[in-house]
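Each reported figure results from applying straightforward, stated rules to the coordinates on display, with no laboratory input. Computed from a predicted structure; not experimentally measured. Note that each Cβ is placed from the backbone with ideal geometry, even for glycine, and that neighbours are counted across all protein chains shown.
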Amino acid sequence: MLSGRIASVIPEQTNNGSSVGSTHVAALESGQTGTIERVDEDVSDRALAMGIRPGRELEVRSKHPFHGPLVVAVDQSVTSISRQCAQGIELSVE
């Protein structure tokens, strides 16, 4: 179960003094971006097939209501992912 996942952005301090946070894709709002840090093992096959890999930048384009899917852009690709998959993708955000 993914209920124990990070629910909001957790700020961290970087070497240059700027704040960077860590969160999962489902916690972002439309238009927000982040760099993919980690993909959980239980969603990695689906995520990798869609080009969602650590080190790539991901943008949330839209979030469907009632716990529906999220539309995300990674590089030049736009795809939709389930909320469950989105909760398994950890990002760093500034």
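What to note about this one:
- Loop-located trypsin sites (Lys or Arg not before Pro) in region 53-94 (DSSP state not H, G, I, E or B) with no more than 16 neighbouring Cβ atoms inside 10 Å: ARG56.
- Candidates GLY55, VAL43, GLY31 compared by Cα position along the dipole of region 26-66: farthest toward the positive end lies GLY31, with charges placed on Cβ.
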